[in-house]
Amino acid sequence: MSVILECNSLTKKFGSVTALNNINLNLERGKIIGLLGPNGSGKTTLIKLINGLLVPTSGTIRIAGKAPGVESKKIVSYLPERTYLPDWLKVSQAIDFFKDFYEDFDVNKAYDMLKRLNLDPSKTLKSLSKGTKEKIQLILVMSRNADLYCLDEPIGGVDPAARDYILNTIITNYNENATVIISTHLISDIENVLDEAIFIKEGNLHLHSSVDEIREKEGKSIDALFREVFRC
Amino acid sequence: MQWDLNSDKPVYLQLVEQIQAGIISGKYRPGDKLPSVREMAAQAMVNPNTMQRAMSELEREGLVYANRTAGRFITSDEELIRQLKKRYITQIINDFLEKTGQLGLDTDEIISLINEIAKNKNKGV
């Protein structure tokens, strides 16, 4: 199977603090992968490195064989922790913005998803609740036909019903050429959706395995294993 | 179909067991067409690859078969379903007897108790 993300001895330091330490990681296409770790373990740092927002201190990172840059950004769809859209923007304008920005953006798909949520595209982002804004942002990101989706805490701020909607959006948009990385610490909510889990502990890769393999070998859920590995 | 995926067992096994239970209870009837893997995955809120694995397992057991163009169907082999049912119920009874055995009850006592309880239940007590 072909590799979508390749990290070799990837290290990122901020001054004297090592955020990621010598990460070696290969991710295949066609998977939904949980990037799991407690707060401050390095999840967002890894995602920012994938998206070229940070530069490695040492080691390399390749997306479909490309170094992070203009070409890699064409095939990576990124949902950051915080929204970057100005709140005076109308939903329809946000869609136009994405259409202009990304060749692989599917406008019809975006409007379909809005319709299913009964969302009015003529509303401004300012008039929407926090959870609805997060849904809009996810719709924008998932409406691209990307090869790699990086979702940084997509379910953190929303209620359980909206969480289900978001997971459903991820499942139904899944395609076998693309891989979805979901960073979160809300494991029990998402573990049934995952193919693989990656545990990051204090900047080190602690584990990378198929979810059902973990359940078979350890006889426990990913959530239970996480609580054990990261016991405070 | 209501899915209940809360145990620590591998998710695909839980899916297999619940579809088996659906076949036994008649929720899925012999010859029924199943929704697509993607639809079933979305319904159960699981990964499509996991649902695919569950389907492969059910196909291996002969409980589900794939027709290349028309989709996936529940087997029409009623004998196979009867065997599955028997296996399933045997498992439940074995677990039950093990538990009651731990409580110090022997099988004869259990059987007469079951008869008594069933009789009362039929009377609507």
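Just one of (1) farther than 19 Å from A:ASP164 by Cβ; (2) at the interface with chain B (Cβ under 10 Å from one of its Cβ atoms); (3) under 18 Å from the mean Cα position of the chain (by Cα) fails for A:SER209. It is (2). May I ask you to list the residues in segment B:6-29 that are away from every other protein chain (no Cβ under 14 Å), on the phi < 0 side of the Ramachandran plot and assigned to a loop (DSSP other than H, G, I, E, B)? Residues satisfying the conditions are B:LYS27, B:TYR28, B:ARG29. It is to be established whether one or more residues within segment A:185-200 are surrounded by fewer than 15 Cβ atoms within 10 Å (Cβ to Cβ) and either free of Cβ contacts under 8 Å to residues at least 12 places away in the same chain or more than 29 Å from A:ASN21 (Cα to Cα) (or both). No: zero hits. Only a single item in (1) in a helix (DSSP H, G or I); (2) modelled with pLDDT under 90 is not met by A:ARG231, and it is number (1).
Residue count for segment A:28-54, restricted to those that are within 14 Å of chain B (Cβ to nearest Cβ) and surrounded by fewer than 20 Cβ atoms within 10 Å (Cβ to Cβ): 3. Filtering A:ILE181, A:ILE190, A:ILE200 for residues that are touching a Ser or Thr at 6+ places or on another chain (Cβ under 7 Å) and more than 12 Å from chain B (Cβ to nearest Cβ) leaves a single hit, A:ILE200. Within segment A:127-144, residues that are within 22 Å of A:ILE75 (Cβ to Cβ) sit with their Cβ atoms under 8 Å from residues that are among the acidic types (Asp, Glu), at 6+ positions apart or across chains, in these pairs: A:SER143/A:ASP106; A:ARG144/A:ASP104; A:ARG144/A:ASP106. Hey, among the residues in segment A:128-182 that are within 22 Å of A:ASP104 (Cβ to Cβ) and of a type in the set (Phe, Trp, Tyr), which one's modelled with the highest pLDDT? If we take residues in segment A:128-182 being within 22 Å of A:ASP104 (Cβ to Cβ) and of a type in the set (Phe, Trp, Tyr), then A:TYR149 is modelled with the highest pLDDT.
One line per residue, one yes/no per condition, for (1) part of a strand (DSSP E or B); (2) among the charged types (D, E, K, R); (3) under 18 Å from A:HIS206 (Cα atoms):
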| residue | (1), (2), (3) |
| --- | --- |
| A:ILE4 | yes, no, no |
| A:SER9 | yes, no, yes |
| A:LYS12 | yes, yes, yes |
| A:ASN26 | yes, no, yes |
| A:GLY30 | no, no, no |
| A:THR45 | no, no, yes |
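Against the conditions (1) in contact (Cβ under 8 Å) with a residue 24 or more places away in the chain; (2) surrounded by fewer than 14 Cβ atoms within 10 Å (Cβ to Cβ), A:TYR78 satisfies every one except (2). Scanning segment A:57-73 for residues that are at negative phi, crowded, with 16+ Cβ neighbours inside 10 Å and of a type outside the set (Ser, Thr, Tyr) turns up A:ILE61, A:ARG62, A:ILE63, A:PRO68, A:LYS73. Residue count for segment A:129-186, restricted to those that are in contact with a strand residue (DSSP E or B) (Cβ under 8 Å, 6 or more places away or on another chain) and hydroxyl-bearing (Ser, Thr, Tyr): 6. Test B:GLY101 against the stated conditions and say whether it is more than 14 Å from every other protein chain (Cβ to nearest Cβ), out of contact with any Cys (no Cβ under 6 Å at 6 or more places or on another chain), over 24 Å from A:VAL193 (Cβ atoms) and in a loop (DSSP other than H, G, I, E, B). No, not satisfied. Just one of the listed residues (A:ILE214, A:ILE139) is within 13 Å of chain B (Cβ to nearest Cβ), hydrophobic (A, V, I, L, M, F, W, C) and buried (at least 20 other Cβ atoms within 10 Å of the Cβ), and it is A:ILE214. Could you check, for segment B:57-80, whether at least one of its residues is within 14 Å of chain A (Cβ to nearest Cβ) and either assigned to a helix (DSSP H, G or I) or in contact with a Leu (Cβ under 9 Å, 6 or more places away or on another chain) (or both)? Yes, because at least one residue in segment B:57-80 is within 14 Å of chain A (Cβ to nearest Cβ) and either assigned to a helix (DSSP H, G or I) or in contact with a Leu (Cβ under 9 Å, 6 or more places away or on another chain) (or both). Each residue in segment B:32-56 was checked for being touching a Phe, Trp or Tyr at 6+ places or on another chain (Cβ under 6 Å) and either assigned to a helix (DSSP H, G or I) or of a type outside the set (Lys, Arg) (or both), and 5 of them qualify.
When the criteria are applied in full, A:ILE95 fails the requirement of being touching a strand residue (DSSP E or B) at 6+ places or on another chain (Cβ under 7 Å) and among the β-branched types (Val, Ile, Thr).
Cβ-Cβ distances below 7 Å connect the following pairs, each with a first residue in segment B:30-55 that is within 9 Å of chain A (Cβ to nearest Cβ) and within 16 Å of B:GLN14 (Cβ to Cβ), a second residue that is modelled with pLDDT of 90 or more and not in a helix (DSSP H, G or I), and a separation of six or more residues or different chains: B:ALA41/B:ASN47; B:ASN47/A:ILE32; B:ASN47/A:LEU194; B:ASN47/A:ASP195; B:ASN49/A:ASP195.
The values are calculated or read from the model by the stated rules, or taken from the named source; none is laboratory data. Computed from a predicted model, the values in this text were never measured in an experiment. Because the Cβ atoms are built from the backbone with ideal geometry, glycine has one as well, and the counts that use them run over all protein chains shown.
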